[in-house]
Amino acid sequence: MTSESKYCRNCGAQVTNKYCENCGQRTSVYKVSFKETINDFIDAAFSLNAPLFITLKQLVVNPGIVLREYLEGKRKKYYKPVAFFILTTVAYLVIRSAIGFDPFTDTVVQVENTQNNQLLTKARDFMLFNINKLLFIFVFTLALFSKLFFSKRYTLAEYLAISFYLTGIYTLFTTLNLFLVVWVSKEMQLLGIFVMLVYFIYAMTSFIKTNKIVIIIKSLIVFFPISPM
Ligand SMILES: [Zn+2]
């Protein structure tokens, strides 16, 4: 078989190069093998060039670059915002249940047998059972507030993508913080909120390169109404 007569195994388009010009799949694809599956897994999970690793590293080191480049069109380089958010949420839920931590127990125990307590318990149960939905509400609220207060040149949809990234990092901090909360003290939950606030200010000042003081004040305004989450 000469290279001119090859067809893409994914979309059927005629291919002449290493990758299909129509869909981007490798042209040298044959039967699924263990080697290919293992290589794909290693590529996706551990490779320094994998979108997940680059996205994670850059969101911590220089969030502004990820946010600007993603919005400007570098979609393939980075792990998708919603996928990133889902991955970190799953990691949080898995680790939380693995170490058997209930984030709301401690605050409720002290006000036993009062009317307030019943309300708190109900609120707590609601939050525990709806944590995924609440995180989604958090993401949308963050996007809406960002659109209202920060640069108007970005659309609500763009702020939504940013919110998914930033909430993903928030969830990751919260996941790591679980270990401190369990092994050191419950008060460490406040540390989680504080770290997120600092990160949010850091991310927004690195994303929007105008007056730093203005961005810091706006970050505080946007963050505080939604921080009790
Ligand atoms: Zn193709």
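How much of LYS77 can a 1.4 Å solvent probe reach, expressed as accessible area in Å² and rounded to 10?
Surface open to solvent at LYS77 totals about 80 Å².
How much length is gained if the chain between ASN211 and PHE140 is pulled fully straight, taking 0.36 nm per residue apart and subtracting their Cα-Cα distance, in nm to one decimal?
Numbers: separation 71, 0.36 × 71 = 25.56 nm, distance 2.54 nm.
Full extension from ASN211 to PHE140 adds 23.0 nm.
In sequence order, what are the phi-derived ³J(HN,Hα) couplings for region 144-153 according to the Karplus relation 6.51 cos²θ - 1.76 cosθ + 1.60 with θ = phi - 60°, rounded to whole Hz, with x for glycine and proline?
5, 5, 5, 4, 5, 9, 8, 3, 6, 6
List every residue whose amide H lies under 5 Å from the amide H of TYR19, counting only residues 5 or more places away in sequence or on a different chain, with H placed 1.01 Å from N in the peptide plane.
Here THR27 satisfy the definition.
Between ILE99 and LYS57, what is the FRET efficiency for a Förster distance of 30 Å, r being their Cβ-Cβ separation, to the nearest 0.05? Intermediate results must be reported in sequence, preceding the final value.
Numbers: r = 26 Å, r/R0 = 0.86.
About 0.70, to the nearest 0.05.
Using label points projected 7 Å from each Cα along Cα→Cβ, tell me how many nm separate GLU21 and ARG75, to one decimal.
2.1 nm
So, taking all protein chains as they sit and a 1.4 Å probe, how much accessible area belongs to VAL214, in Å² rounded to tens?
60 Å²
With a 1.4 Å probe and all protein chains kept in place, how do SER97, SER28 rank by accessible area, largest first?
Working: SER97 90, SER28 70 Å².
Output order, biggest surface exposure first: SER97, SER28.
What is the distance, in nm, between label points placed 7 Å from the Cα along the Cα-to-Cβ direction at PHE224 and at GLU187?
My value for the distance between the label points is 2.3 nm.
Starting from the 7 Å offset along Cα-to-Cβ, what nm value, one decimal, do you get for the label separation of GLU36 and LYS152?
5.3 nm
Keeping all protein chains in the complex and leaving out DNA, RNA and ligands, what accessible area do you get for LEU172 with a 1.4 Å probe, in Å² to the nearest 10?
Surface accessible to solvent at LEU172 totals approximately 50 Å².
Using alpha carbons only, how many angstrom separate the centre of region 61-94 from the centre of region 206-222?
21 Å
The values are calculated or read from the model by the stated rules, or taken from the named source; none is laboratory data. In this text the structure is predicted, and so the values were computed from the model without any measurement. As a convention, Cβ positions derive from the backbone with ideal geometry for all residues, glycine included, and neighbour counts pool all protein chains shown. Only protein heavy atoms, including side chains, enter the accessible area calculation; ligands, DNA and RNA are left aside. Shrake-Rupley method; radii C 1.70, N 1.55, O 1.52, S 1.80 Å.
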